[in-house]
Amino acid sequence: MLYVAMLRDQILVAVKKVTGLETEKINLDFPGRDEHGDYSSNNAMVGFDAKKYKSPKEYAQELVDKLRKDKELGKYIGKIEVAGSGFINFFLSKEALLQNMNVIEEKGDKYGSSDMGKGKTVVIDYSAPNIAKAFGVGHLRSTFIGQALYNLYQFLGYKTVGDNHLGDWGTQFGMIIAAVKKNNLDVGKLSVDELEKAYVKYNKETEENPELREKAKEWFKRLEEGDSEAKYIWQKAKETSLAEFQRIYDLLGVNIDYAYGESFYLDKMDAVLKEARKKGLAKKSEGAEIIEFESLPPSMLVKSDGATTYFTRDLATIKFRIETWKPDIYIYEVGSEQSVYFKQLFEAVRKLGWIKDEELVHVGHGLFLYGGKKMSTRSGGSIKLEEVLTQSIKKAKSIIEKSESSRGLSKKEKDKVAKAVGVGAIKYYDLLHHPTSNINFDWEKIFVLEGNSGPYLQYTFARTQSVLAKSSKSQKILKIKNDKLNSEELSVLKSLTRFSEVVVASAKSYSPNLLANYLFDLASKYNTFYARHRILSTNNERTKNEVLSENKHRIIKGGNDEFRLKLTLTCGQVIKNGLTLLGIEAPQKM
Ligand code: ARG
């Protein structure tokens, strides 16, 4: 079978042959306008030699003549043209477009996957909420983006390891313990909210009473030394927090492979400190120990009172990850406000000589804004995360109650779909933005049914499934006998061929938004096709308007319904695969 999933690679190979350029030097873009082809290269203009050719155009023409003779390329590319002052435009052949539908059908849920990551390991550090503090919006973004990256890399054949680096250690626990002791609180009975409140209150009190700060430091020291009372309070706070976080993860449908957490590294920091000292990296500074960098502020390894730091725990974490998984790529999905911190961390790792060609990446995310201000789910703040999610599920439910296509679903099924749509809506709204951008939290946009939203994509998927369910044809559709493709069909077909590339690009550039926006584009194209053309032949023919208003399927008179069903089937499959990669469910009906 002709494998047309990675068309870009095929074209790159051919261009490389005729130009002698390294693959990285070849520019191959999506022109975005049908008349400019499906791919376009400007390399004849960039690389033309004025001594040999009259113009870039002449050089382009020579390349095109050679490319046209390339038999392998001819299998996918129907037409190659010189355009403008030397662009080379490639047009996919109709055979390739049609053949791709067979590939999608055959590969099903695996369509778009590959083994390009075979033998390589990626560790993704994501979510990482802090014990005794509410699960914040920042952790929500980290959870969504991190999970999408995890899914993408896994789909590309990498061995993926997800690690939830829980914030369960640090000087703040000294304060929490001190607060519990000072107020004589029954720690086992405190909710995360109450724990956080106790911490906030105590922290405030230290401003007026520095002695309290000293007390907190003492308690942290005792905790680090293994004092049983300190450990008990910490342990209880951790249990309560984990139970609450688990509720959120269950709601989100997220399950992270490991959650070692910072406390796991308690007995692993000494070795790191020794190594840093031995390699001459640890410097004494006012009783503390620091690492200095050429063009970054210094980082603290040990505080002047002997307390360990977030930084040293992160170093110990990397060491552990190297020893445990030997990763090729380390991805940290953590808020952008820690970007200097991660620069320091990565620089320190290089100075320690732990890493050679491996990639260390901080995928920083921006803020969720609410009414122009940083959205907060902290106890004192305006919105609680669980409330946002429940509200979203409620909104989804009301849409589902009203929708005709959800008829026939039991109450239980409707609840399930509402959860998938409500949670999917928030996830998608986050993921459609580039990770680093700030996002305005806006219910209207989150639920826009005729726009770039999770519900829109889920709805389009459900639409494809309903068309297929209504067809009497078996879903394994036989041959495609289609002579003429109309422009709506063509744009869906072309869009389908791009999926695999978008998956790769999303993973490599750590940008799930590329995939999200691609899915929206595909769904819009399918819906345009759906609105303008009939898909199914049926006996009871109606006028187009009647059909539209009733939201039933177009009726086709003696024609291409097999092709159109297959288009529907494959489009649905790709939307489903894409949503799944984003961590979003695709219910059959909604
Ligand atoms: N718990 C930290 C926070 O909320 C995030 C941890 C990120 N991961 C890491 N390896 N530092 O800010």
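Scanning the range 513-560 for residues that are of a type in the set (Gly, Ala, Ser), surrounded by 13 or more Cβ atoms within 10 Å (Cβ to Cβ) and either part of a helix (DSSP H, G or I) or modelled with pLDDT of 85 or more (or both) yields Ala516, Ala523, Ser524. Report, ordered by the first and then the second residue, all pairs with beta carbons closer than 7 Å, sequence separation of six or more or different chains, a first member in the range 90-105 that is among the polar types (S, T, N, Q), and a second member that is part of a strand (DSSP E or B) and surrounded by fewer than 19 Cβ atoms within 10 Å (Cβ to Cβ). Final answer for the pair search is Ser93/Gly78.
Contact map, the range 163-186: residues that are in contact (Cβ under 8 Å) with a residue 24 or more places away in the chain and under 26 Å from Tyr258 (Cβ atoms) paired with residues that are β-branched (Val, Ile, Thr) and within 16 Å of the ligand (Cβ to nearest atom), Cβ distance under 6 Å, separation 6+ or inter-chain. Pairs shown: Asn164/Ile256; Asp168/Ile131. Filtering the range 336-372 to residues that are at pLDDT below 95 and buried (at least 17 other Cβ atoms within 10 Å of the Cβ) leaves Leu367, Phe368, Tyr370.
Is it the case that Gly170 is closer than 21 Å to Phe245 by Cα, within 16 Å of the ligand (Cβ to nearest atom) and in a loop (DSSP other than H, G, I, E, B)? Yes: the conditions hold for Gly170.
Only one of the numbered conditions (1) among the aromatic types (Phe, Trp, Tyr); (2) within 17 Å of Thr528 (Cβ to Cβ); (3) touching a Ser or Thr at 6+ places or on another chain (Cβ under 8 Å) is not met by Tyr456, and that is (3). Of all residues in the range 239-267, those satisfying the criterion of being among the charged types (D, E, K, R), in a helix (DSSP H, G or I) and within 19 Å of Asp314 (Cβ to Cβ) are Glu262, Asp267. Residues of the range 455-470 that are among the β-branched types (Val, Ile, Thr) and over 21 Å from the mean Cα position of the chain (by Cα): Thr464, Val467. Just one of the numbered conditions (1) in contact with a helix residue (DSSP H, G or I) (Cβ under 7 Å, 6 or more places away or on another chain); (2) surrounded by fewer than 18 Cβ atoms within 10 Å (Cβ to Cβ) is not true of Gln61: (1).
The set of residues in the range 209-247 that are small (Gly, Ala, Ser) and without any contact (Cβ under 8 Å) to a residue 60 or more places away in the chain comprises Ala216, Gly226, Ser228, Ala230, Ala243.
Yes/no matrix, rows are residues, columns are (1) within 37 Å of the chain's Cα centre (by Cα); (2) of a type outside the set (Gly, Ala, Ser):
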{"residue": "Asn151", "(1), (2)": "yes, yes"}
{"residue": "Gly170", "(1), (2)": "yes, no"}
{"residue": "Glu208", "(1), (2)": "no, yes"}
{"residue": "Glu214", "(1), (2)": "no, yes"}
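For Val467, the conditions (1) closer than 25 Å to Leu149 by Cα; (2) touching a helix residue (DSSP H, G or I) at 6+ places or on another chain (Cβ under 8 Å) are fulfilled apart from (1).
Within the option set Ala271, Ala230, being of a type in the set (A, V, I, L, M, F, W, C) and closer than 30 Å to Leu385 by Cβ holds for one residue only, Ala230.
The values are calculated or read from the model by the stated rules, or taken from the named source; none is laboratory data. Computed from a predicted structure; not experimentally measured. In this analysis, Cβ positions are derived from the backbone assuming ideal geometry, glycine residues included, and neighbour counts consider all displayed protein chains.
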